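Engineer: First the structure, then my questions, so here it is.
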């Protein structure tokens, strides 16, 4: 009997959604407008978490100033792709429905559109864009996540007080586009061989960017380059290493780390090659 009740509820909601979509005002160009009950609206997994301003929106609720939230109609379901904070605020103030702009697209198209948006009042983080690209089945995002999972690297910004959490998603993407998964694996393996995994600063942008640059420049001698770096830096911590450069701006620090590692590897490789020729 319980199964029968559940099925009838699912069927009822499906019929309601189809009816709402069918009878919504059609403005042309595949866009419709109507009010949708809040309980029928879903937030897709690629959306960023609710922001702290939800309470403020609720306390100053004025639907006439909120505008329509954007909803994708995908396989009979309504997904909120822009406006989840307004949706959360509407629930807080006890609203039963909300005005929506409905677009019809696939789940992958919705995720890809989310990943490309930059005009939001609350900007979309690189992490949220990467999540959306993964949901859109973009191979680059899928492969970056695969490497991070395999190497047990945490990139979720919601993980609290984790020294091994990596925030510089943009640097991961640069390394991937230059050197693919092998470049990412080499960077993370180098950090592990330095015994820096749980050291503060090991996954900051200057370290990740510097190591990524070295792999891109010396990929044909990646094993030797890694050994040179480990031998030189294994007695230092990431913070001690970065303090050598006496700069505090990220871009300047990235240049300092990159130049140091390049000179280190180049000098040792040349010395090694010269010794081989003498031998």
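Engineer: Using alpha carbons only, how many degrees (0 to 90, rounded to 10) separate the axis of helix 250-278 from the longest principal axis of the chain?
Structural biologist: Once rounded, one gets 40 degrees.
Engineer: Can I ask one more? Nearest 10 degrees, 0 to 90: what angle lies between the long axis of helix 126-135 and the longest principal axis of the chain (Cα atoms)?
Structural biologist: On a 0 to 90 degree scale, this one is about 70.
Engineer: Can you tell me the order of 214-224, 9-19 when each peptide is scored by its average per-residue count of other Cβ atoms within 10 angstrom, highest first?
Structural biologist: Going by the mean number of other Cβ atoms within 10 Å, highest first, we get 214-224, 9-19.
Engineer: Rounded to the nearest 500, what is the 222 nm mean residue ellipticity of the chain from helices alone, with -39500 (n - 2.57) per DSSP H run of 4+ residues and division by all residues?
Structural biologist: -18000 deg cm²/dmol
Engineer: Continuing with the same structure: So for 46, 78, fewest C-beta neighbours within 10 Å to most, what's the order?
Structural biologist: Listed from fewest to most nearby Cβ atoms, that is 78, 46.
Engineer: Of 74, 144, how do they rank once you tally other Cβ atoms within 10 Å and put the fewest first?
Structural biologist: Fewest-to-most Cβ neighbours within 10 Å comes out as 74, 144.
Engineer: Using Cα atoms only, what is the angle between the long axis of helix 107-116 and the major principal axis of the chain, expressed in degrees (0 to 90) to the nearest 10?
Structural biologist: The angle comes out at about 60 degrees.
Engineer: Relative contact order of the chain, please, whole-number percent, based on alpha carbon pairs below 8 angstrom and at least 6 residues apart.
Structural biologist: 12 percent
Engineer: For a label point 7 Å from the Cα of residue 237 along Cα→C-beta, name the residues of the stretch 188-211 whose backbone N is under 11 Å from it.
Structural biologist: Flagged as within label range: 199-202.
Engineer: If you compute log10 I(q)/I(0) by the Debye sum over Cα atoms at q = 0.13, 0.14, 0.15 Å⁻¹ for the structure shown, which of [x] -1.11, -1.20, -1.28; [y] -0.92, -1.00, -1.08; [z] -0.98, -1.09, -1.20 do you land on?
Structural biologist: Checking each listed value against the structure points to [y].
Engineer: Below 8 Å between Cα atoms, with a sequence gap of 6+, how large is the relative contact order for the stretch 2-108 in percent?
Structural biologist: 34 percent
Engineer: Report the FRET efficiency, 1/(1 + (r/R0)^6), for residue 10 and residue 38, where r is their Cβ-Cβ distance and R0 is 25 Å, rounded to 0.05.
Structural biologist: 0.90
Engineer: Related question: Percent antiparallel among DSSP beta bridges with both residues in the chain, to the nearest 5?
Structural biologist: So the antiparallel bridges in the chain amount to around 65 percent.
Engineer: For 81, 34, which order do you get if you count the other beta carbons within 10 Å of each Cβ and list the fewest first?
Structural biologist: 34, 81
Engineer: Evaluate the distance, in nm, between pseudo-label points positioned 7 Å from the Cα of residue 140 and of residue 104 along their respective Cα→Cβ axes.
Structural biologist: In this crude spin-label approximation the distance works out to 3.2 nm.
Engineer: If you take the beta carbon distance between residue 154 and residue 60 as r and set R0 to 41 Å, what does 1/(1 + (r/R0)^6) give as a FRET efficiency, to the nearest 0.05?
Structural biologist: E between residue 154 and residue 60, to the nearest 0.05, is 0.70.
Read-outs: derived from the displayed coordinates by stated rules, not from any lab. A quick note: this is a predicted structure, and the numbers were derived from the prediction, not measured. Cβ sites come from the backbone with ideal geometry, for glycine too, and all protein chains shown count toward neighbours.
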